[in-house]
Structures are given as structure tokens and as C-alpha cells.
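K.L.:
A single structure is presented below for examination.
Taken together, the values in this text are just the output of simple stated rules run on the coordinates, not laboratory data. No experiment lies behind these values; they were computed from the predicted model shown. In this analysis, Cβ positions are derived from the backbone assuming ideal geometry, glycine residues included, and neighbour counts consider all displayed protein chains.
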């Protein structure tokens, strides 16, 4: 981003090193970008709230919100307006200051992640060389917000939720971090853009299909991300049937909506990160971008813009696909118990993630010696993945047939 | 076992302390003469006769006889037979030993009868009101029970809207009658029609 | 167990109140959690005083009575026919059984023989109602465990049954279908075909339901081995119906104390076998309900095939009178298990009517079972016992 | 208690560890394919109320129990529904007229409190004509709670005449179901009916409230007057006939079986007909007057002092219907009159609504049961209430009815 601003200043005929207003320009643009990022996050979260309800409706043989706007799309705007105008209740027994400030902690922890998340070939707010490390670090702020909200509410349900959440998020950061270390290991960089550049546009070039350990690492990361985002089956902190609403029981109005903004926005974060780390990010087919050669940069004129848009579209598509899977999981699975959640983390995910890192390190030595093995493994895994998907689709169609229903995606939206 | 056989065994063991088998018009039952014997009889029923479950415990208020009757419905899952025992208590101060130590299901059933009929079960580990609020006055299933007018400023009765309509009709009629009295008799007929 | 209970705190007295129980918990230094009366998973208005040490519960004391509407007292004021709609309210999820219990109790008092077609109508209506009640039970149970989707699926099937029952008797929830001496309406035209169509469809859905939730690994992990009730304990606490059968006791009032036309019908009694854990755990109770729905489908098929022509109402006097002091007790197999009506006649209205319901006795076992469970397990335990608040309080 | 235990043995060690993982994967595969398949099916729910092809009430089955509706045109005012209702949501007030200016039996009020109704359908079953029915209307949100009371008699001051069931009729013409209630429901968003204010209520004389108010002509006094004149001209049949004609309604309806009113009074004067109840338009009042006349003619003595209800039983020396007469003055009518005369008296005592509450088909059936078949239960006429009970006990047993 700084480079972009510098080029702007140069375009105006100044030298950024010596120009007096440089720092001011930087601040102004930072503000502008923060505004854009927060709005992007809010709007995405809003749209996801609509999408989740539509997906849930369809999966539960219902319709879902469909009154406001085409397909009920304006529902999220209506909800936002409603939440904005609702009374902001603060319980008398609550710790007034902490209660009020807690949602902002969550917002900060959530919005800061977007700084390092790539959107396309060029569109990234800050291309940090420690991007992955930064993301893992700032997400931890969310847990602070949750604990503050739970403690300050002075409600037993909130406290339960907060303590559960603390245990959960902190535990699951270990397998998540270890799983993310595998792309880092393979690409040799902590920069998110660098990791995407190290992969290719085709599935067999993605890190998910690189070797069995990275395949497992993808799932470990995905499960851990679900847990960190308080999504089912790990929605213990806000378990409705057990804890009423968990840490946000006492909240209402806008402050309440921050919690849900973070929850839904987090779906973008976890999916975008999965896409970046394991699924080749924004890489456009036939236009691979590597450290050695940037095919998109070599284009000229309108083709550059088109390629840029294509990379945005591809990245968004992959991310939304995972967002859908997250929703789909939520509306399928039951919730696990708090001890099982801990068991799963420490008995299954942590050992497996450590083993995966070791395996990948070993595998890198092997393919360094025998490069053909690398390609065989990638092709086999990709083919396996494709076959699984096809089988799954056939099974789904079979389900429809089994109960005597018809395939009907379009009606009654 | 049939009810007669069960009663014969009970009578053989307890003799005079258990009443005769009452005419089996619908369900035959036997009376336990003294409430103090209940635990002993209960243990015998559970142990020797195989009545492993107390399926029902109900209390009946008989103001005419000045009695409160506690009815025990016993069932045996192992032998698949059933029997009914009754105890008759003084209505003014009904009190009998708790069978909670014999059948655990008596716990809640006895609490219910304590609450609704005001029967004291001596030795019950947790004899509290179960349905009604702690500070409720009276026992609702007594035949002479009168509901308290209000509880914590909550009225226990509500006016039916139909009563409101009765008043409304009455008022309209009176007004009409007043008007009819003023007008001459010839027009009165028209008004009535 | 009761020894331990007597050991905590002072001896109980006649005027001990709930507040004192709460204080007693607070004195121990543990957290006192008031679960309910408004809580998403208490299935109605029930309160649990939960004594917890972190996530682990030491004890959960059920406090009921929030829905107490003196239905037993009302029976003493109503005519026999006039009490029928009230029995709907005893258990609004399975109203047909409460109807049947009341009707059978009065028929027993009067020695009325119900026409065979009416008996078939009753059984068809009751078994449809049993399926719909179990659908709510398994649906809410999976929702309490956190899986939301099985619930709408279950309710969707329940809607079909509601439609069928609505066509039969005009109401979807509080049916008031049975009358003393028969049923209010004969089956509508081509009703049998509609029931058969539904049953065919439902059996497929049941397979799908099992694939979705019953054998889901998280679900199994949550429920298997959780709060097992041994057969002895179940009988001791007078658990009935699916809860009793979940503990492995093969007892069903329909078979063991036969009534209506059940002796003529072929059906199995599913019992919990500890397939995925210990016999009598929460998963077994869930599974027994799923299996019972299949058995109800079998019964429905037989009833539709066998139903005779004829009257649906015995010759009954317009005003029913029962001599005073005559008593009868009737047990029927409700969806929540053995429901007993103990009625003493008293002229034009009952002198005393005691309804012993399955939910009421099931609540008694929650306290001893809850020790050492987690807060999340309490929710599963309550759901697995399938208690319905109005049936507890009446 | 033999129980079969097939506890699943989770393999210990690494086998159990992997088995958990594979089980999880398998069950997720199954479950997720089920939920995904529902993405591609048509949702089951209906969009209520604006995206349904036709009104929801038309899709409801015929037996649906919605709001109650009364077709007042065929309502016999028998109040069987009011008695059947377990929670007293139906309120019917009847008023008896003279049959000339006012109908014999009319309803001042027929209110149903839909807000309290539990839609059990028990009121529909005893209705002799099918006047009260459940409709398929069910949307009950109102602006004002009081509007939830449906009033089927629109004006208290214009009582609605009760329907008299023609003998032997099987079917009754009924308005299309739902029409009446729908019209009443339209007023639900209107302002509530004017309730008496507190000032109005204070003005009401509370003590006077609820007492029956004298309406119509004084049949007893008029009957005695006519009877006195009839006694004077006893023996002169044409004159006597003219005097008796004054007691008739004068509509010449022919309901009595004679050509006109004169024919009926001549028959009485000639001693050919001793029935007092044949004048349908004249109703209760004509009957009462005729009873007085007939009794006077038969006994030759004018009935006792005014104030005592003038009817056959008092005149014939049975227990007078005043409250202070504890001991009957003579043998009951059932021992003195012939069966046919007794039957007529008994039948007159009935409410005449043919409600069937007595478990006979109609009032005549019950009367026949009492007189000819030895039916001993005299408490069965629910619409007639205490009045009928007193009369029946007087006629049959010569005593007062036992206290409830």
C-alpha cells in the first residue's frame, strides 16, 4: 500500500522522501482504507447473515427471509437499521465501562485481520512479510473481548460462555497455528501474497493436494478455525440450548449486533485464510503468478484490469464456497460438549498437526531427492478429491430420490 | 397372582392389621388399619410379594366421613400383578409415615399430596410444596378449599367479558325503558317492537 | 443416594421453602445456577436449581409447578363429557392419550362396551399421535444437543400428521376426539389411503432421519454412556414408557395390561440394548423413541387393513352419571408412557380424579441422576426423559 | 430383571483412536449429504397469507373447528350449547312473549366469547337443529379485546324469535357456513361496544339488578276476569264460546286444528276439547288464561286469591306453588286426573324447545315417558329450569322438588 501511495505522490511530481505532506497523506489514506475495510467487513457480515438464513431455510425445508427486496436480500439492511435503533440496555449490576467497551475489542480484533488478507493479485492493504503471524496474533484480541463481555455482564450464563470461549479459542490456536505452518514451510514465507504466489492456479498445484500431511493440515486448520469463530459444532460459548445465549446474553441493540457482525465476518476471515493458504488464493488459470514470473503484470492495458477482476472473482468464489461449507456444517451437526472439545483439541488435532509438520518436512526432503514423486502424489490426491466430490454429489442425488422427492433448486425462493 | 391371593398372603402375615379385601366392584383393594404399619407392610409387599414399583399415590378428601384417604397403587414388573392399598387418616391432622424409604417414586408423589391435600408424610427427606408457591395458603384438593382472593397483589379471579355485556344490556334496557315511559302508550308498542 | 441427601443440611421440616434450599446451596460456596423457568431447553416452564462447580454439576433440583392449572380439581367441577377438552391440556403434545385414558376410566366405571370400529378409530388416532409426539421428542432432543436441522424435519412430518388429525377431528393440537363410549367422528372418506400414503413416506424419512442425526458421531458421543439408568433404578423411580424401555425393561401397557384392540395387533416392543454405550443411557432412550415410531407405523398398517364397519359410538345416556364412591383406575400407554387415571365417581361429576403421568415421575429421577454430570449433559438428560411441563404440573 | 447388554466395545489403543476418526467422517458424510440434498428440494412451507393460491380457510378440512357461528334463523333457544360448554363462553338470555305483540319465545342475547372459547366442539353436538357450528375462520387478532365477543342477537331491544321446529322435520335450512361469523368479524377493527362508564354503573340501582321485570299483559288477572264471566254464562254454549274467544290470540291461524279461533273456543265451551295449549300464537299467556277458564268451568269455583300463580294445579287443590306451602293440600294430580289430561298438563310444563337434553327425542317424548312409561326422573328438563321442575313435582308427586 505504501508503494502505491508513494507512486501517487511521485505522480504529482514530489519526492516522497523529502515532501513535507507525505506523512499526512499516509494518515489520510490510512483512515480512508480503515473506513473501507470496516465497511467491507460490516457489509460482508450483513450479507452473510442474510445468506446464512436463506441457506438454513433451504436446508431445513423452509424458505427463509424473502420479503424485503429480491429474495429477501434487503433483510440484512432492515436488521441493521432495527439493531441500530434499538435501545442499548446495560444491566444495572453490570460493570458499566467494561460492558460498553467489550464489543469494540472484538471489532478491533476482527477488523485488523483484513489488513493482511489478500483480495486479488494487487489488492491487499498491507503486504506484510509476517502476514500469517500477524493474523494469528490479532485474532487473539477477540477472546479478550469475549471474556470482558462475559465477565462484565455479571450474569452466570455470560460467565459460562466467556470461560468456555477462552478455553476454546486459546486451545485451538495451537493446532490452527501448526496447520498454517505447513504452507509456510512449503513456500518459505510468512507473507500471504507470497504463499499464494508459491502455489499455482490448478488444483494439483494447491497446497491442499501437495501431500497427505498438508491435506490433513487443511482439515485441522478448518476445524480449528470453526472453533475459533465459535461456529457449530464448536458454538459452546453461545450454546443456545445450554447457556441461553452465552457471553452475549445481556447485550442488546447495536452492541449485540457487533458480536454477530464479528461472528459472520469471521466466516470470511477463516475462509479467505483457508483459500490463501491451501487453495491457491486468487491465482488465475493460464496466468500463473510466481516469484519468478508475474504473467498478470506482463499484460497491458484493459487486459490487466480484466485479469485483476478475474483474480478477485476467483478468490471471492473460493472464499464463498468455504463460507457456504461453514454454514452447511452449522445446520447439520450437533454441538460437542466442553470436555469433548478439549479432548478433540489436545488428543487429536494437536498431535496430528505436529505429526503433519514433521511429515511435510520429511516429504520435502524426499521430493527434493525424487521430484517425480511430488507430481505423482499431487495427481493422486487431486484425483482422489475429485472422485470423493463426485461420489458425494451422487449420494446427495440418491437422497432426493430415496424419499420420493424431485430435484428442484429454483422454485419457491 | 390375583388380588385374592395377594390379600391372602398379606392377611396371613399381618392378620388383623390389614383389612378385608373390599368387594371387587372395579378395583379390589385392602385397607391398612393403622398408618404406622405402612412401612412394614410396604417392605413386605416389595420384598415378598414382588411389588417393585409404586405406580400411583393419590389422596382423597372425604369431609362427610371426616377422613382423608391415601391410596397406593402397587405394581410388580417382575410378576406382572397389581394391588391397591388404602389408609384412612383423620382429616383434621392427617399424618402418616413416608414410604420414600421403600419406593423412591414415593418421593415426588408424596410431595404432591402434601401440597395439594395437606397430608404430612413423616420422615420424608424433602417435604416441600411442589405445585403451589411456598407462601400459598390452603390445600387446593380439599373439598372445602376456598381460593385466596389475591396472591402478592395478583388477583385470582378475572371478570368475564360476558358480564360486561350483561351490564351493558341492562343499562341500554333501562335507558330504553326510561324513554318509553315518557312517550305515549300508543307509541310504546312501536318502541317495543 | 437418599442417605447422602439427608446428610446435607438440616432435617426437613413442614415449612421448608425453596429459598431455604437455594440458601443451602449457596452456603456450600458452589455456584447456584437458576436454569429456568425461562430457558430454551427446559421444554416448558420448569426451573432447575443447579449447584455447579464450574462446568461440572453437583446437583440439579427440579422445581415445578409453574404450569399448575388444577386440572384434577377442575375434574371435580365438570361433567364427565365436559372434562374431555381439559384432558387435552394435560399433555398437549399427545392429547389423544389423555383423552383415551379419561374415556376408558369412565367407561370402566359404567361398564360400557365400546364398538369395535370406535376402538379402531381410537387406535389409529392414538398411534398417529404417538408418532407426532415422538417426532417432537426426538426433534427437540437433537435441538438441545445443538443440531437444529433435525427439528424442522421432524416438525415437517408432524405437520402431515396434524393435517391427518385435523381432517379426522377438526383440531391440530387439542383434539377432543374421543367421547365416553366411542369417538366423536367416524373416519372421513378414503382416510385409510391417506394414512397409508403418509406411513409409506414416513418410513423413508425415518431412515433419512437416522442417517442425519441418530448415528451422527457427535450425537452419539454426547449421549452414549450419559446418565445411564439401570432397570432396577428405573422401576424404583417409576419411570414409564420409552424411558423405562430405554433402560431395557420390556414392558408396554399395550401388551402387558392389554386394552382396546392392542391384543389383536402385531407389534414389537423396542427396548434399549446399550448398542452404542451402556444400557439405559440417553442415546438408548432416544433410539427407543425412533424405533417406536416404526412400530406405530406397523400398527397403523394393520388397523387400516382390519378396521370393521359399524357404529362408532356406544349407546350412552345424554347425561352421564356415576354412582358416588365407585372407583376405577385405568392405565394406558401414552407417548410419554404409562398414564394412570384414578377416578372416583360422584354423580354428575367425578369425586376425585388423579392423573399420574409419566413426566411427573420422570422428574423425580433428575436430581439423583444429575450428580457429576456437566451442565450441557443436564440439557441432554432432560430432553432424553422427554418431559412436558403441563404433564408434570397438570 | 434379565436385560440384554450389547455394550459397544471401543477397541483400545490406536485402533480405537482411528475408529473414532473414521466413524466421525462416515457419519458426517451421511448427514451432510442429507442436508445438502434439501438445498435442491422444494421447501415444504407455505408463505402465509399472501403467497397462497387461495384463502387458507378453503384448504381446511370440513371438520375444522374454527370460530363458532350460530344461524339464528334456526336456533330454537333450547340453550343446550350453553349447558354443554365446560367453560361458560356462551351466554343466552331468553324472554317469553305473549305471542301477539311479541313472539312466544325469543332471545335477547346470544353471546359467544371467542377469546375464551377453547374450540372443543362440545356445544355443536347437542344442538337439535345444527344452528351452532364451527366455521373455518380462525384469524382472531383484534384491535380491542372486547370485540372478541360475538353477538348473534344484534339488538337487545329487538329479541330474536326462537325457531319452532316443525314436527317430523329431519333437515333444517341453514345459511352458508361462515357467512354470519365473517360479517361479525368485519367489525373487529371497529371501536369496541360502548361499555358503561363508572359513573353509569354507579347510577345503576345495584339492588334491583338481576330481578325479573314484569313485561307484557297480566295473564293471570285477565284469565280470572274472563273465567268469572264464563262462569256466569256457563251452560249457554254460544255465549260461553264468545267469552272464551277473548282469551285466544285472535290470529285465526288454524294452528289449533279448528278453522278459526271461534271454532276452538266453541269446542271448549261445548266440552269437546279440554286442552289449553293449542293456541300457538297466543303462547304461554293464552294457555294460562285458558287453563284458568277450563279449571273454573270444571270445578265451578273461581281460583283463589290473586298473587298465587293461576294455573291448573293450584285451582285443583294440589300444593300451591308459593314457597311457604310445605305440605301438599291433597293428593297429587297424577292420582286424580286421567292419563291423557295428565299428559297434557305435563307436556305444558315442559320448556317446549325439543332440545333433547332429557334423552328423549322431544318434549312430548319426555312427557309420555313420565305419564305412560313410569319415568321417575323429573329433573331432566334443563331449558325449563326450576320453573318446570316445580310444576312437574307438583303434578306428579304433589311435593316441592328436593333441594339441590
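K.L.:
Can you order the peptides C:346-356, D:140-150, C:154-164 by their average number of other Cβ atoms within 10 Å per residue, highest first?
P.N.:
On the way: C:346-356: 21.2, D:140-150: 15.7, C:154-164: 19.5.
Sorting C:346-356, D:140-150, C:154-164 by mean packing, highest first, produces C:346-356, C:154-164, D:140-150.
K.L.:
Would you work out the relative contact order for the range A:1-75, in percent, from Cα pairs under 8 angstrom that are 6 or more residues apart? Don't skip to the answer; put the middle values down first.
P.N.:
Numbers: 34 pairs, mean separation 10.9, N = 75.
Relative contact order here is 15 percent.
K.L.:
Moving on. Restricting the count to DSSP beta bridges whose residues both fall in the range B:3-144, what percent are antiparallel, rounded to a multiple of 5?
P.N.:
Details: 20 of 27 bridges.
Beta bridges within the range B:3-144, antiparallel portion: roughly 75 percent.
K.L.:
Still on this structure: Considering chain C as a Gaussian network with a 10 Å cut-off on Cα pairs, which listed residue, C:308, C:231, C:242, attains the greatest mean-square fluctuation?
P.N.:
Of C:308, C:231, C:242, the Gaussian network model singles out C:308 as fluctuating most.
K.L.:
Rounded, prolate or oblate, given the Cα gyration tensor of the range C:217-315, with a/c below 1.5 counting as rounded?
P.N.:
Details: a/c = 3.49, a/b = 2.02, b/c = 1.72.
It is prolate, given that a/c is not under 1.5 and a/b is the larger ratio.
K.L.:
Suppose a student asked you for the relative contact order of chain C, using Cα pairs under 8 Å spaced at least 6 residues apart; what percent would you report? Show your work: numbers first, answer last.
P.N.:
Numbers: 753 pairs, mean separation 98.5, N = 394.
This gives 25 percent for chain C.
K.L.:
Ignore the peptide's own chain and count Cβ atoms of other chains within 10 Å of each Cβ in C:203-213; give me the average, rounded. If you can, show how the numbers build up before the last one.
P.N.:
Details: counts 0, 4, 3, 0, 2, 7, 1, 2, 8, 10, 7.
Whole-number average of other-chain Cβ neighbours for C:203-213 is 4.
K.L.:
Averaged over its residues, how many other protein chain Cβ atoms are within 10 Å of peptide C:343-355's Cβ atoms? Don't skip to the answer; put the middle values down first.
P.N.:
Numbers: counts 1, 6, 1, 0, 0, 0, 0, 0, 4, 9, 1, 12, 2.
Partner Cβ neighbours, averaged per residue: 3.
K.L.:
Report, as a whole number in µm² per second, the diffusion coefficient that Stokes-Einstein gives for the range A:86-369 at 4 °C and 1.567 mPa s using the Kirkwood radius over alpha carbon pairs.
P.N.:
Working: Rh = 19.7 Å.
Estimated via Stokes-Einstein, D reaches 66 µm²/s.
K.L.:
To continue, here is another question. Which of the peptides D:222-232, A:355-365 is most tightly packed, and how do the rest follow, going by the mean number of other Cβ atoms within 10 Å of each residue? Mind dumping the intermediate values first?
P.N.:
Numbers: D:222-232: 19.3, A:355-365: 16.5.
Sorting D:222-232, A:355-365 by mean packing, highest first, produces D:222-232, A:355-365.
K.L.:
Separate question: Give me the tail of P(r) for the range A:1-104 as a percent: Cα-Cα pairs with distance above 21 Å. Don't skip to the answer; put the middle values down first.
P.N.:
Details: 3345 of 5356 pairs.
Of the Cα pairs, 62 percent sit more than 21 Å apart.
K.L.:
When Rg is the radius of gyration of the Cα atoms in the range A:196-283 and Rh is its Kirkwood radius, what does Rg/Rh come to?
P.N.:
On the way: Rg = 16.6 Å, Rh = 14.6 Å.
Checking Rg against Rh, the ratio lands at 1.13.
K.L.:
Based on C-alpha coordinates, I'd like the Rg and Dmax of the range A:122-193, in Å.
P.N.:
Computed over the Cα atoms of the range A:122-193, radius of gyration and Dmax are 15.9, 48 Å.
K.L.:
Using the 2.2 N^0.38 Å rule of thumb for compact globular proteins, work out how the range A:287-411 stacks up: its C-alpha Rg over that value, please. Walk me through the numbers before you get to the answer.
P.N.:
Values: Rg = 21.4 Å, N = 125, 2.2 N^0.38 = 13.8 Å.
Its radius of gyration relative to the 2.2 N^0.38 Å reference: 1.55.
K.L.:
Peptides C:64-77, A:227-240: what's the order by average Cβ count within 10 Å, highest mean first? Present the calculation step by step, with values, prior to reporting the outcome.
P.N.:
Working: C:64-77: 19.1, A:227-240: 24.4.
Answer by packing, highest mean first, reads A:227-240, C:64-77.
K.L.:
How much of the DSSP bridge set in the protein assembly as shown is antiparallel, in percent, rounded to the nearest 5? Show your work: numbers first, answer last.
P.N.:
Details: 70 of 77 bridges.
Percentage antiparallel, nearest 5: 90.
K.L.:
Find the Rg to Rh ratio for the protein assembly as shown, where Rh is the Kirkwood radius over alpha-carbon pairs and Rg uses the same atoms. Present the calculation step by step, with values, prior to reporting the outcome.
P.N.:
Values: Rg = 40.3 Å, Rh = 37.6 Å.
Dividing the radius of gyration by the Kirkwood radius yields 1.07.
K.L.:
If you don't mind, there's one more thing I want to ask. From the helices alone, meaning DSSP H stretches of at least four residues, give me the mean residue ellipticity at 222 nm for the protein assembly as shown, per-run term -39500 (n - 2.57), in deg cm²/dmol to the nearest 500. The partial results should precede the final answer.
P.N.:
On the way: 51 runs with 662 residues, N = 1404.
Roughly -15000 deg cm²/dmol at 222 nm, from the helical runs in the protein assembly as shown.
K.L.:
Using only the alpha carbons of the range D:68-190, what is the convex hull's orientation-averaged projected area in square nanometres? Walk me through the numbers before you get to the answer.
P.N.:
Working: hull surface 31.6 nm².
Computed as one quarter of the Cα hull surface, the answer is 7.9 nm².
K.L.:
Let me ask something else. Using only alpha carbon pairs under 8 Å that are at least six residues apart, calculate the relative contact order of the range A:86-369 and give it in whole percent. If you can, show how the numbers build up before the last one.
P.N.:
Numbers: 472 pairs, mean separation 71.1, N = 284.
Value for the range A:86-369: 25 percent.
K.L.:
Along each of the three principal axes of the Cα atoms of chain C, give the extent in whole Å, ordering the values from largest to smallest.
P.N.:
In descending order, the Cα extents are 67, 51, 33 Å.
K.L.:
Can you give the FRET efficiency to the nearest 0.05 for residue A:298 and residue A:19, using r as the Cβ-Cβ distance and R₀ = 25 Å?
P.N.:
Numbers: r = 31 Å, r/R0 = 1.26.
Approximately 0.20, to the nearest 0.05.
K.L.:
Could I ask something else about it? Under a point spin-label approximation (7 Å from Cα along Cα-to-Cβ), what is the residue A:346-residue C:268 distance to one decimal in nm?
P.N.:
Going from the residue A:346 label point to the residue C:268 one covers 4.3 nm.
K.L.:
Now a separate question. Determine, for C:381, A:299, the number of other Cβ atoms within 10 Å of each Cβ, and report the residues in order from fewest to most. Before the final figure, lay out the partial values.
P.N.:
On the way: C:381 23, A:299 15.
Neighbour counts put them in this order, fewest first: A:299, C:381.
K.L.:
Still on this model: Give me the inter-chain shielding for A:62-71: mean count of other chain Cβ atoms within 10 Å, whole number please. Walk me through the numbers on the way to the answer.
P.N.:
Numbers: counts 6, 7, 2, 0, 3, 3, 0, 0, 0, 0.
That average works out to 2.
K.L.:
Further question on the same structure: Quick check: the angle from helix C:375-385's long axis to the longest principal axis of chain C, C-alpha only, nearest 10 degrees?
P.N.:
For C:375-385 against chain C, the angle is about 20 degrees.
K.L.:
For the range B:3-144, take every pair of Cα atoms, bin their distances at 10 Å starting from 0, and report each bin as a whole percent.
P.N.:
12, 43, 34, 10, 1
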